[in-house]
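K.L.:
One structure is given below, represented as structure tokens, and several questions about it will come after.
Coordinate-derived values only; no laboratory data. Note that the coordinates shown come from a computational prediction; the quantities given were computed from them, not determined experimentally. Here the Cβ positions follow ideal geometry from the backbone for every residue, glycine too, while neighbour counts run over all protein chains shown.
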Amino acid sequence: MAEWYYIGHYGQLGPLTHEQVDELIEGGVIARDTYLWRAGMQDWVPAASVSEFDSSFRSATPYSTPPPPPMPTSATTPANMGTLAVDRGYGAIENRYSETSSLFGTVRSDRSRIAAGILNLVIPGVGRMYLGYMAHGVLQLILSLCGVGYIWSIIDGIIILTGGVKLDGYGRRLMD
């Protein structure tokens, strides 16, 4: 029965079965400090504190450290969170929660929107890579060799500078 949820790079994900969570632990997607939750739990807890997954962590190969998880607030409890929509860069998908009650509302990125926009205008794709959108940035950089990526990068840099990109690649709000 699918019952587990976790907070990943793109927000709350799930429901997942116990076996699926085990596979994610083995694959390095869920680390010891990744937050987990299921019905009946009071709040999100680090995966290392859930005794059901101790054997999975012992057998898993260590991977690099994931970015810091979003800090849950008292206004956003697991019961009233629902499903989060993710802004993947252009603001086309809106988060249905206001910034004050959003799971990501209190987490600020250390990345600057202005620096990212200028980088993207000067060197195609580098601004996106700076924000944590590696695949997006590499694609712009590669396509700039034939000209299409350069135009795309200029337009994207303008969109970043005008505030069209609100989150970095880890779902944290960008600095102005």
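K.L.:
Applying the Karplus parametrisation 6.51 cos²θ - 1.76 cosθ + 1.60 with θ = phi - 60° to the phi angles of segment 39-44, what ³J(HN,Hα) value in whole Hz is obtained for each residue in order, glycine and proline being reported as x?
P.N.:
4, x, 8, 6, 8, 5
K.L.:
Spin-label point model (7 Å from Cα, Cβ direction): what's the I159 to H9 distance in nm?
P.N.:
My value for the distance between the label points is 1.9 nm.
K.L.:
Can you check what the net charge comes to around S56, using other residues whose Cβ is under 14 Å from the Cβ of S56 (Lys, Arg +1; Asp, Glu -1)?
P.N.:
Local net charge: -4.
K.L.:
Let me ask you something else. State to the nearest 20 debye the size of the charge dipole of segment 109-175 about its Cα centre, where the only charges are +1 on K and R beta carbons and -1 on D and E beta carbons.
P.N.:
200
K.L.:
For segment 109-175, what does the equivalent ellipsoid look like in terms of its semi-axes, each the square root of 5 times an eigenvalue of the Cα gyration tensor, given largest first in whole Å?
P.N.:
Ellipsoid semi-axes (Å, largest first): 19, 12, 8.
K.L.:
Here is a further query. In what sequence, highest mean first, do 49-58, 160-169 appear when ranked by Cβ atoms within 10 angstrom?
P.N.:
Packing proxy ranking, top to bottom: 160-169, 49-58.
K.L.:
From the phi of every residue in segment 144-160, what ³J(HN,Hα) in whole Hz does the Karplus formula 6.51 cos²θ - 1.76 cosθ + 1.60 yield, where θ is phi - 60° and glycine or proline is x?
P.N.:
Those phi angles translate into 5, 5, 9, x, 5, x, 5, 5, 4, 5, 5, 4, 5, x, 5, 4, 5 Hz.
K.L.:
If amide H atoms are built 1.01 Å from N in the plane of the peptide, which residues on other chains or at least 5 residues away come under 5 Å of the amide H of E3?
P.N.:
Long-range HN contacts for E3: L16, T17, H18.
K.L.:
May I ask you to order 21-32, 136-147, 113-124 by the average number of other C-beta atoms within 10 Å around their residues, highest value first?
P.N.:
Put in order of decreasing packing, that is 113-124, 21-32, 136-147.
K.L.:
Continuing with the same structure: Considering amide H positions built from the backbone, and no H for Pro or chain starts, which residues 5 or more places from S109, or on another chain, come under 5 Å of its amide H?
P.N.:
Counting only residues 5 or more places away or on other chains, the set is R173, L174, M175.
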